Amino acid sequence: MDSKSSTDVVSRRTRVLTNHLLRQPPLPRDVAVETNECLQFSPAELAEKYDFDTMEMRKLLDGHNLQDRDWLYGLIMQSKLFNPRDLGGKLFVGPDYNQSMEQQREMTMKRIDYLCERGVFNGWLTEKGTEVDLRKMALQEVTAIFDHSLSIKLGVHFFLWGGAIQFFGTKRHHDKWLRDTENYVVKGCFAMTELGHGSNVRGIETVTTYDPNTREFIINTPCESAQKYWIGGAANHATHTIVFSQLIINGSNQGVHAFIAQIRDADGNNFPNVRIADCGHKIGLNGVDNGRIWFDNVRIPRENLLNSVADVSPDGQYVSAIKDPDQRFAAFLAPLTSGRVTIASSAIYMSKIGLAIAIRYSLTRRAFSVTPNGPEVLLLDYPSHQRRLLPLLAKTYAMSSAANFLKVIYVKRTPESSKTIHVFSSAFKATLTWHNMRLLQECREACGGQGLKTENRIGHLKGEYDVQGTFEGDNNVLMQQVSKALLGEYISAHKKKKPFQGLGLEHMNNPCPIIPSELTSSTLRCSQFQTDAFCLRERDLLNRFAAEVSQYQANGESKERAFILSYQVAEELGRAFSEKEILQTFLEAETTISTGSMKNVLGLVRSMYALICMEEDASFLRYGYLSPENAAAVRREVSKLCGELRPHALALVSSFGIPDAFLSPIAFNWIDSNSWSSVQH
Ligand SMILES: Cc1cc2nc3c(=O)[nH]c(=O)nc-3n(C[C@H](O)[C@H](O)[C@H](O)COP(=O)(O)OP(=O)(O)OC[C@H]3O[C@@H](n4cnc5c(N)ncnc54)[C@H](O)[C@@H]3O)c2cc1C
């Protein structure tokens, strides 16, 4: 090859590569190059029509306290403290991303003071009842929509510190602490986790002994791994904490108990014998001051033991109505379920923010034309873009019903329902938060480069909400507890030779559902088929799990080890349980709506939810619940449903009812908000 032809090859290759990288289609030869007119922004509302009443849909999704939510949205939008800014002629609120960690922490506290003065927290701890609880949850959800740090700082103070006093404490604690907590006269935190022990709370190493001479408990951090770690509020603001500690009485360890200890005085100085350090900068949630605490033989009054489960008499005798240490420990943890309930629910609100922004953007953003000189195509008109976002939208709808169901069973709890609530809150907390993280990543990518701008929220929410998979029960550990509980029900029903009752396992008493060998479109969209397929999967996986655990035991493994070794099927079972129960809650919500276009759209959304779960879980094929042909039919139906849901996409995200100010500029006129005049503002 001579040098000229080799240069030609190189320059041709470079041209091809450049076109490829810039994704520029080659210009047709006969088209003259003209200067394009600037793109005109066209609001999504102009082209999209609403087939159902979005306010009615919002009522179904929010479920409760819509007026209270709107009131708090309004309070936030009115105040300079919430960083209001005008972009493209629209108001947006949200945290100031340029602030340092210290500034963010101080700002979170100022926002709390403002909300406290406006009466937002009235009755949160001093009043009781399902209505009070639901209002509290609705308002906390709104704070989370503004900023995760704000809602977590509130959550630690009200739900963890305040909740521990309510549930582990007795009248003397309620009288002394609840009102002052509600008014922020005391600022509480919750010290359970240690450097050496997180998920395994029973293994914590903090030690508390009793001195009958002074009638005081003595709390001690015996070694570095016993330092309290990650304690929200401890680094800067908290005056008091709940301390979880082993209780040693007369040389015998009575297990983990909860105590109240003061860690700072009103001027912010550390209390004697208390050392506090900062956990430092985190990947998100920097408006919360997570800290570490060491207790150097700190003395507290005997009355500071939270004694609803067990007590120590003045002369140092241990008394508890619950003799079994396992049950006693469970009783201590049961009231903490509220955290999982609010985490599950707020995860779904974050998914709504991500979807509202990404779908609105995809209805105003165009890329490439399919005909020469033709108009560029709206992102959401690409079937592939629909396939990325609309199944996630359907899952978010279904999970919204699940979150509402969870809140209702929680606020109506009775001692008998505590196992059910534990299992459902564990399963839904893990499933909904995992869904949220996956969704935010997809929505971030769906917005291209704009998704990486912090002011557009989605990317930032990933860092802020990642922690939801870990705190208040690590998701993987929680899911193990779900499958363990299902196995427990299985063993007990078989031992007692009694029908299954509870945890949604009643379907196991019926004959095994049969999946038709050929699935038509109408069968695939039929709720009975969808329920049957999900029940079949759960039933089979529970049988398999029980058989595998028992096989390991027959081979000489302990029950615990047999369970650990059967982790794969345990994971599949946990997922099968969650997805089936979510479907159930969605079907129940659907039945509350009378016939009409809204019900029709909900039917499409529900079918999309059920079919995408089947498409994504390999166990349907692995264990043969679906034949390869039926699995292919499911896939085709998902694609058809994408096309049918596309016209309702805007209405479905508008129904979330999140005010525009809490979304982001790319959800609206992103040309105006990025214009030069906007820079000069
Ligand atoms: C930002 C933030 C705020 C927090 N706020 C508080 C607070 O205010 N108060 C408080 O007390 N705590 C708080 N925590 C602590 C939190 O609750 C713990 O981080 C959580 O319980 C997990 O414990 P760990 O970090 O020790 O992880 P580990 O328990 O060490 O888990 C590490 C990994 O091991 C896996 N794993 C653990 N056990 C098993 C098992 N049996 N089988 C298989 N895998 C297993 C887990 O799935 C996880 O992936 C906070 C944490 C963070 C990050």
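Sort out for me the helices (runs of 4 or more DSSP H) sitting completely within segment 497-583 that have 3 or more residues that are of a type in the set (D, E, K, R).
Result: 527-554, 559-565.
Table: residues versus (1) β-branched (V, I, T); (2) within 16 Å of the ligand (Cβ to nearest atom); (3) more than 30 Å from A633 (Cβ to Cβ).
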| position | (1), (2), (3) |
| --- | --- |
| L439 | no, no, no |
| G451 | no, no, yes |
| Y465 | no, yes, yes |
| Q468 | no, yes, yes |
| V477 | yes, yes, yes |
| A485 | no, yes, yes |
| K498 | no, no, yes |
| G504 | no, no, no |
| I515 | yes, no, no |
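So which of A226, A234, A258 ends up being crowded, with 18+ Cβ neighbours inside 10 Å, more than 19 Å from E472 (Cβ to Cβ) and not polar (S, T, N, Q)?
None of the other options fit; the residue is A226.
Which residue out of S418, S401 is assigned to a helix (DSSP H, G or I), more than 20 Å from the chain's Cα centre (by Cα) and outside the structural domain of F244 (by the TED database)?
S418
Taking the stated definitions as given, is K187 more than 17 Å from I152 (Cα to Cα) and of a type outside the set (A, V, I, L, M, F, W, C)?
Judged against the criteria, K187 is not a match.
For segment 289-308, which positions are polar (S, T, N, Q) and either touching a Cys at 6+ places or on another chain (Cβ under 8 Å) or surrounded by fewer than 22 Cβ atoms within 10 Å (Cβ to Cβ) (or both)?
N290, N297, N307, S308
Of the numbered conditions (1) surrounded by fewer than 17 Cβ atoms within 10 Å (Cβ to Cβ); (2) more than 23 Å from H157 (Cα to Cα), K110 satisfies every one except a single condition; which is it?
(2)
Which members of segment 532-576 meet the condition of being more than 24 Å from H422 (Cβ to Cβ) and in contact (Cβ under 8 Å) with a residue 60 or more places away in the chain?
Within segment 532-576, A533, L536, D540 qualify.
Need the failing condition index for P212 against (1) touching an Asp or Glu at 6+ places or on another chain (Cβ under 7 Å); (2) farther than 16 Å from F471 by Cα; (3) surrounded by 15 or more Cβ atoms within 10 Å (Cβ to Cβ), just the number.
Going through the list (1) touching an Asp or Glu at 6+ places or on another chain (Cβ under 7 Å); (2) farther than 16 Å from F471 by Cα; (3) surrounded by 15 or more Cβ atoms within 10 Å (Cβ to Cβ), P212 breaks only (3).
Modelled with pLDDT of 95 or more, polar (S, T, N, Q) and touching a helix residue (DSSP H, G or I) at 6+ places or on another chain (Cβ under 8 Å): is that true of N475 in this structure?
Details: modelled with pLDDT of 95 or more: yes; polar (S, T, N, Q): yes; touching a helix residue (DSSP H, G or I) at 6+ places or on another chain (Cβ under 8 Å): yes.
Yes: the conditions hold for N475.
So in segment 174-195, with the set limited to residues that are of a type in the set (D, E) and away from the ligand (no atom under 11 Å from the Cβ), which one is nearest to F332 (Cα to Cα)?
Applying the filter and picking the extreme gives D175.
Go through segment 609-664 and give me each residue that's in contact with a Lys or Arg (Cβ under 9 Å, 6 or more places away or on another chain), part of a helix (DSSP H, G or I), among the acidic types (D, E) and farther than 30 Å from D70 by Cβ.
E615, E637
Of everything in segment 314-338 that's over 25 Å from I263 (Cβ atoms) and of a type in the set (G, A, S), which residue is surrounded by the most Cβ atoms within 10 Å (Cβ to Cβ)?
Result: A331.
Among the numbered criteria (1) buried (at least 19 other Cβ atoms within 10 Å of the Cβ); (2) small (G, A, S); (3) part of a loop (DSSP other than H, G, I, E, B), which single criterion is violated by S483?
(3)
If N510 satisfies all but one of (1) within 20 Å of L583 (Cα to Cα); (2) more than 16 Å from the ligand (Cβ to nearest atom); (3) touching a helix residue (DSSP H, G or I) at 6+ places or on another chain (Cβ under 7 Å), what's the number of the condition it fails?
(3)
Out of curiosity, is H257 under 18 Å from L336 (Cα atoms) and free of Cβ contacts under 8 Å to residues at least 40 places away in the same chain?
Details: under 18 Å from L336 (Cα atoms): yes; free of Cβ contacts under 8 Å to residues at least 40 places away in the same chain: no.
The answer is no for H257.
Scan segment 104-124 and report the pairs whose first residue is on the phi < 0 side of the Ramachandran plot and of a type in the set (S, T, Y) and whose second residue is part of a helix (DSSP H, G or I) and buried (at least 21 other Cβ atoms within 10 Å of the Cβ), with Cβ atoms within less than 8 Å and a gap of 6+ or a chain change.
Every condition considered, the pairs that remain are T108/S149; T108/L150; T108/K153.
Among the residues of segment 371-398, write down those that are of a type outside the set (G, A, S) and either in contact with a His (Cβ under 9 Å, 6 or more places away or on another chain) or not in a helix (DSSP H, G or I) (or both).
Passing the criteria: T371, P372, N373, P375, E376, V377, L378, L379, Y382, L392, K395, T396.
Condition check: assigned to a strand (DSSP E or B), out of contact with any His (no Cβ under 9 Å at 6 or more places or on another chain) and of a type in the set (G, A, S). Does G255 satisfy that?
yes
Could you go through segment 163-171 and let me know if any residue there is in a helix (DSSP H, G or I), away from the ligand (no atom under 16 Å from the Cβ) and free of Cβ contacts under 8 Å to residues at least 12 places away in the same chain.
yes
Quick check on my filter: what residues within segment 196-242 are within 8 Å of the ligand (Cβ to nearest atom), touching a residue at least 60 places away in the same chain (Cβ under 8 Å) and within 14 Å of F295 (Cβ to Cβ)?
K228, Y229, I231 - these are the residues of segment 196-242 that are within 8 Å of the ligand (Cβ to nearest atom), touching a residue at least 60 places away in the same chain (Cβ under 8 Å) and within 14 Å of F295 (Cβ to Cβ).
Taking segment 271-315 as the region of interest, how many residues are in a loop (DSSP other than H, G, I, E, B), away from the ligand (no atom under 16 Å from the Cβ), touching a residue at least 40 places away in the same chain (Cβ under 8 Å) and on the phi < 0 side of the Ramachandran plot? Write out each step before concluding.
Of all residues in segment 271-315, those in a loop (DSSP other than H, G, I, E, B) come to 271-273, 279-289, 296-297, 306-309, 313-315.
Adding the requirement that they be away from the ligand (no atom under 16 Å from the Cβ) leaves 271-273, 296-297, 307-309, 313-315.
Keeping just the survivors that are touching a residue at least 40 places away in the same chain (Cβ under 8 Å) gives 296-297, 307-309, 314-315.
Now drop any that are not on the phi < 0 side of the Ramachandran plot, which leaves 296, 307-309, 314-315.
Counting residues in segment 271-315 that are in a loop (DSSP other than H, G, I, E, B), away from the ligand (no atom under 16 Å from the Cβ), touching a residue at least 40 places away in the same chain (Cβ under 8 Å) and on the phi < 0 side of the Ramachandran plot gives 6.
Given the criteria surrounded by fewer than 21 Cβ atoms within 10 Å (Cβ to Cβ), at pLDDT 95 or above and over 17 Å from V256 (Cα atoms), does D311 qualify? Reasoning before the result, please.
Numbers: surrounded by fewer than 21 Cβ atoms within 10 Å (Cβ to Cβ): yes; at pLDDT 95 or above: yes; over 17 Å from V256 (Cα atoms): no.
Against the criterion (surrounded by fewer than 21 Cβ atoms within 10 Å (Cβ to Cβ), at pLDDT 95 or above and over 17 Å from V256 (Cα atoms)), D311 does not qualify.
The values are calculated or read from the model by the stated rules, or taken from the named source; none is laboratory data. The structure displayed is predicted, hence computed values, not measured ones. Note that we place each Cβ from the backbone using ideal geometry, even for glycine, and neighbour counts take in every protein chain shown.
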